[in-house]
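Below you'll find the structure, written out as structure tokens, and then a few comments.
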Amino acid sequence: MLQVSKLNAWYGASHALQDIGLEVTKGEIVCLIGRNGAGKTTTLKSIMGLMGRTRGSVTFKGEELLRQPAHVRFALGLAYVPEERRIVQGLSVRENLRLGLVASPAKKREAELLEEIAVIFPRLAERMDQEAVTMSGGEQQMLAIARAMIAKPDLIMLDEPSEGIMPVLVDEMFELFRSMKAQGTTVLLVEQNVELALGIADRAYVLDQGSVVHQASAQALLADEEIKERYCSV
Amino acid sequence: MKRRRGRGAGREGEGEFRRRSLSAAVQLAINNVTKERGVIFNSISQSDAINEAADLSKYTFHEALNPHMTSGAVGRYAFAKFGKKVAFLTADYAYGHEMVRGFLEVGKEFNIENLGDIRHPLGTTDFSTLLPRLQALKPDILCISNFGRDQQIALKQATDFGIKKSIQIIAPLLSHASRVAAGPQAFEGVVGGCSFYWGIEDKFASTKAFNDAFRKMYDGKLPTDYGALGYGGVRTVLEAVKGAGSVETNKVVAALEALKYDYYKGPQYYRKCDHQSVQSVLVIKSKSKDMKNESDVFEVLSTEEPNEKYLRTCEALGHKS
Amino acid sequence: MAGLSFDLIALQLFAGLALGAIYVLFAIGLSLIFGMLTVVNFAHGAFYMVGAYVGLYLISIGGNFWICLVAVPIAIGLFGLAVERVLIRPLYGRGIDYPLLLTFGLSYVMVECVRIAFGKTGYPFDTPEVLQGAVDIGVGYFPLYRLFVIGATAVVLLALWLFLEKTSFGLIIRAGARDPQIVRVLGVDVSRVWLIVFGIGTAIAGFAGLLAAPLQGVIPEMGGTILAEAFVVTVVGGMGSIGGAVLAGLLVGVVVSMTSLFAPEMAKVSIFALMAIVLIVRPQASSAAPD
Ligand SMILES: Nc1ncnc2c1ncn2[C@@H]1O[C@H](COP(=O)(O)OP(=O)(O)OP(=O)(O)O)[C@@H](O)[C@H]1O
Ligand SMILES: [Mg+2]
């Protein structure tokens, strides 16, 4: 479904990604792991079209995306939940959710989709008309995920969703990813919490200093203490 | 008032004459330079200061009316006819101040009651916040002393506020160009003064001749007040040169001082002490109906004949008689 | 001078609101554009002026004021779209000074073009016949047309509010003003949004110019004065804040009006005094986020 090959990206003069190659097939949960500064976020941003200077190839459902702006990638079925969540200040929970639909053809079914989301995220359902930024960090993270999911993307990319969130909520969240997968959504997940992530993932890529240094099935990697020690310890 | 001391205009010697219609400050600045260099300057914009001994030189002539004459003529007409309670709306610069001074001076003869004077800065585009106050004073006459776009907007907005229903608006000077730019509605019924209106051609052969020549030159158009002033300012100097048979400055000055002329509006002459052109002042009212042509914008209500008694005395201006 | 009656003060208040209404219309466009595009549109006054001239032209070829109320904002809005697309868009990402200088220059070009096409002297602009004259509003006579200006402004504000609060596009604008990146990630073509916002802002400026025309006639320089005063309004209200622009616009109108009552020669200065006070008391005011 998603194929990345020889992907390079730069921040100004600094060469952040070097010849990244990875692949995600339909229905999988794929995990990107690696130390701080390894290039995980930059990889997701490059796939979404948010990096200024990139080279290489990113194809999604057979279409080359590298020269396409972000909104075209969204239209093809890519969704992205950034690390900083980006809940819009001044908007209610409902409005933030509606924002996930404004550019989607599914906008016509807005009421119906909002109800569906409310069933999946009961915490949000209770707070629909509250100003979104007044919610707790975990609730805001849920909202960011719900906002990305509401238009039913084919592939959703999540950047460290468990960061700074209390364990109960994290469990709830990972349960959600499992059910997403069950319903056919493909997931590309960046996580610091390696054990937890590998617990639900099918496969994983290990990044270090802007390159892919290892790839394996989640099970194999869970057992590989050496790799985990070398690239993932904080 | 701040005067710019202009430089670089005119050179010494003979054969150069200036004629200008400009704002008071620029006019006085030019006057300063021409005075210094001994160049004849015939001014066609309104100023009282230019007649005063402090500013005048033997080279300065004033073909235009001055505020004292204009407001005097309009005041004498209006205070006798419309009532004694007068409120003022005045542009806050020399022109406005001099006009109000003139109105108050002539107002003494009529025992007018000054209800108040509201000053506004030059370039005001909205008078709506000043008009309710003026209206509340309930004057018989509202005297608006400003010029150009300020006057056009003030009259338009006063009309909108319905001030004309119960109050007569007067203005010292109604210029042809402003009336055309503001349209008939805004100026309707406003009474003011002017130095020239083409419509006096029935009365003076010189006016008829000037209008005809002008029509011929500018495909049928009629001259305006400032068009006529420009003509007068140049024509007098030209005739003086011819009369003197020389372009030597002192001889031309002497010829101008001796000139008794009637080139476009009836008889005129320059008063010896201040070189002010003694001339008639027309009191006019702006029309909004029965206009025969595009220049038919005013009705002449009365004419104040040329007479030195309507000027400030030479002594008052600081000249030794 | 005569004493201050209740009626006079009430009348001044109305005069202030009518005056403020034009400021409000002018400033909301300015704020909308700044909030969304971070472009300080120095040509806003020129769009306002061209709005008045388009109205003048339409009436001269047989249109009436009511047609102008619809046609002028459309025409100026389309013109604004073209300006954004062709002139401003290439400058995004280069810092705030580029579009500022461009629009500054553009305003001179627009004023000069109007001078060439219509002449340097102004024209009268008749108040539409049914709105002529003054009506008794209980505290005294007030020009009917100025009441209409207050009403028309209220209608525009209501329409804009409904558009921003109740439509998806309005939601995009509100979100995009805070965080253009996330809006992009959620599939919105942000450059299209910027284009349309510029069009809406300039359309409202054109509408304001048309409304102002019967108050003061039209002249090529008419946009200059209001631009300076509207910047005060946006500073007082918070750059980019639409709600702030509305409140500040009315406040400036009322302050000018009340100052005129007590010290008319201070009226113009009072606007800038108000700005100074706001800047001292609330230094972050000029960079408030939009509502
Ligand atoms: N905006 C930026 N400008 C310049 N350099 C950046 C920027 N963002 C990230 N980098 C650099 O690019 C490299 C990759 O960063 P990236 O954010 O992709 O790492 P990461 O794997 O997501 O790390 P973390 O686990 O801390 O989120 C790092 O060296 C980082 O310092
Ligand atoms: Mg990261």
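The values are calculated or read from the model by the stated rules, or taken from the named source; none is laboratory data. Note that this is a predicted model, so its numbers are computed, not measured. Backbone-built Cβ (ideal geometry, glycine too); neighbour counts: all protein chains shown. These area figures cover heavy atoms from the full protein model, side chains too; ligands, DNA and RNA do not enter into them. Shrake-Rupley method; radii C 1.70, N 1.55, O 1.52, S 1.80 Å.
Nearest 100 Å², what total accessible surface is buried between chain B and chain C (probe 1.4 Å)?
So the buried area, both faces added, is about 2600 Å².
For a quick check of understanding: with a 1.4 angstrom probe and all protein chains in place, what accessible area in square angstrom does A:H15 have, to the nearest ten?
Rounded to the nearest 10, the figure is 80 Å².
Please give the FRET efficiency for C:A10 paired with C:I280, using the beta carbon to beta carbon distance and R0 = 30 Å, rounded to the nearest 0.05.
0.45
As I understand it, the dipole of the protein assembly as shown uses +1 on the Cβ of Lys and Arg and -1 on the Cβ of Asp and Glu, about the Cα centre. Which of B:V180, C:I76, B:T124 lies farthest toward its positive end?
In the protein assembly as shown, that residue is B:V180.
Comparing the chain by itself with all protein chains present, which residues of the stretch C:1-30 are at least 30 Å² less accessible (probe 1.4 Å)?
So the qualifying set is C:M1, C:A2, C:L8, C:Q12, C:A15, C:L19.
Need one number: nm distance between label points at B:A80 and A:E23, each 7 Å from Cα along Cα→Cβ, rounded to one decimal.
10.9 nm
Just want the answer: with Cβ charges of +1 for Lys and Arg and -1 for Asp and Glu, which residue in C:I150, C:S60, C:P180 is farthest toward the dipole's positive end in the stretch C:25-222?
Checked the options; the winner is C:P180.
Apply the a/c threshold of 1.5 to the C-alpha gyration tensor of the stretch A:87-151 and tell me whether it is rounded, prolate or oblate.
prolate
State the volume of the convex hull built on the alpha-carbon positions of chain B, expressed per residue in Å³ and rounded to an integer.
In chain B, the Cα convex hull volume per residue is 131 Å³.
Report the charge-dipole magnitude of the stretch A:87-151 in Debye, nearest 20, computed about the Cα centre from +1 at each Lys and Arg Cβ and -1 at each Asp and Glu Cβ.
Taking the Cα centre of the stretch A:87-151 as origin, the dipole is about 200 debye.
What is the Rg over Rh value, at two decimals, for the protein assembly as shown, using alpha-carbon atoms and the Kirkwood definition of Rh?
1.16
Looking at the protein assembly as shown, which Cys residues are left with no other cysteine's beta carbon under 4.7 Å from theirs?
A:C31, A:C232, B:C143, B:C194, C:C68, C:C113
Given the options C:M222, C:M275, C:M266, state which has the largest fluctuation in a GNM of chain C using a 10 Å cut-off (strictly under) for Cα springs.
For chain C, modelled as a Gaussian network with Cα springs under 10 Å, the answer is C:M266.
Spelling out what I want: for every residue of the stretch C:202-211, take phi, set θ = phi - 60°, compute 6.51 cos²θ - 1.76 cosθ + 1.60 (Karplus), and round to whole Hz; glycine and proline get x.
These are the phi-based 3J(HN,Hα) values: 6, 4, 5, 4, x, 4, 4, x, 4, 4 Hz.
Report, in debye and to the nearest 20, how large the dipole of chain B comes out about its Cα centre when Lys and Arg carry +1 and Asp and Glu carry -1 on their Cβ.
300 debye
Sequence neighbours fewer than 8 away in the same chain don't count; with that in mind, list the aspartates and glutamates whose C-alpha is under 17 Å from C:K166.
Hits, sequence-local ones excluded: A:E95, A:E110, A:D129, A:E131, C:D291.
Using a 10 Å Cβ count of at most 13 others and DSSP loop calls, identify the longest part of chain B lacking such trypsin sites (Lys or Arg not before Pro).
B:12-271
Using the structure shown, select from B:K208/B:K242; B:K58/B:K108; B:K81/B:K260; B:K35/B:K309; A:K6/A:K61 the pairs with a Cα to Cα distance greater than 25 angstrom.
Result: B:K58/B:K108; B:K81/B:K260; B:K35/B:K309 exceed 25 Å.
With charges set only on the Cβ (+1 for Lys and Arg, -1 for Asp and Glu), what does the dipole of the stretch C:25-222 come to about its Cα centre, in debye to the nearest 20?
500 debye
Obtain the nm distance between the two label points defined at A:Q215 and B:S302 by a simple spin-label model: each point lies 7 Å from its Cα along the Cα-to-C-beta direction.
10.5 nm
Which longest run of chain C has no exposed loop site in it, a site being trypsin sites (Lys or Arg not before Pro) in a DSSP loop with at most 16 other beta carbons within 10 Å, and the site itself not part of the run?
Longest site-free region, per DSSP loop and neighbour criteria: C:121-291.
Which value, in square angstrom to the nearest 100, describes the accessible area buried between chains A and C on both sides, using a 1.4 angstrom probe?
Between A and C, the summed buried area is about 1800 Å².
Output wanted: per-residue J couplings in Hz (rounded whole) for the stretch C:131-144, from phi through Karplus 6.51 cos²θ - 1.76 cosθ + 1.60, θ = phi - 60°, x for Gly and Pro.
Result, rounded to whole Hz: 9, 6, x, 10, 10, 7, 9, x, 9, x, 7, 9, x, 4.
What do you get when you divide the Cα radius of gyration of the stretch A:77-234 by 2.2 N^0.38 Å, with N the number of residues?
1.10
Residues of chain A: accessible area per residue at 1.4 Å, in Å²?
Ligands and nucleic acids excluded, the result is 42 Å² per residue.
Taking amide H atoms as placed 1.01 Å from N in the peptide plane, list the residues 5 or more away in sequence, or in a different chain, whose amide H sits under 5 Å from that of B:F298.
B:K287
To check my understanding: the extent here is largest minus smallest coordinate of the Cα atoms along each principal axis. What are those three numbers for chain C, in Å, largest first?
Result, largest extent first: 63, 50, 35 Å.
In whole Hz, what ³J(HN,Hα) sequence does the stretch B:201-209 give by Karplus (6.51, -1.76, 1.60; θ = phi - 60°), x for Gly and Pro?
Those phi angles translate into 5, 5, 9, 10, 4, 5, 5, 4, 5 Hz.
Accessible area per residue of the stretch C:6-57 at 1.4 Å probe, in Å²?
20 Å²
What are the residues whose amide H is under 5 Å from the amide H of B:F127, where those residues sit 5 or more places off or on another chain and H is modelled from the backbone?
HN-HN under 5 Å from B:F127: empty list.
Can you tell me the FRET efficiency between B:D262 and C:D179 if r is taken as the Cβ-Cβ distance and R0 is 56 Å, rounded to the nearest 0.05?
0.10
Where a ≥ b ≥ c are the square roots of the eigenvalues of the C-alpha gyration tensor, would you call the stretch B:68-194 rounded, which needs a/c under 1.5, or, failing that, prolate if a/b is larger than b/c, or oblate?
It comes out rounded by the Cα gyration axes.
Report in % the part of the accessible area of the protein assembly as shown that belongs to carbon and sulfur, leaving out ligands and nucleic acids; probe 1.4 Å.
Within the protein assembly as shown, the accessible surface is 58 percent carbon and sulfur.
Considering amide H positions built from the backbone, and no H for Pro or chain starts, which residues 5 or more places from A:R53, or on another chain, come under 5 Å of its amide H?
The answer is A:W10.
Calculate, for C:S168 and B:K292, the FRET efficiency according to 1/(1 + (r/R0)^6) with r their C-beta to C-beta distance and R0 41 Å; round to the nearest 0.05.
Result of the calculation: an efficiency of 0.10.
With all protein chains present, calculate the accessible area of B:H120 using a 1.4 Å probe and round the result to the nearest 10 Å².
Accessible surface of B:H120 is approximately 0 Å².
Please state the relative contact order of the stretch C:25-222 as a whole percent: Cα pairs under 8 Å, 6+ residues apart?
Once normalised by length, the contact order is 46 percent.
Shape of the stretch C:182-274 from its Cα gyration tensor (a ≥ b ≥ c, root eigenvalues): rounded if a/c is under 1.5, otherwise prolate when a/b > b/c, or oblate?
oblate
With labels modelled as points extended 7 Å from the Cα through the Cβ direction, what inter-label distance (nm, one decimal) is found for A:Q3 paired with A:E83?
3.0 nm
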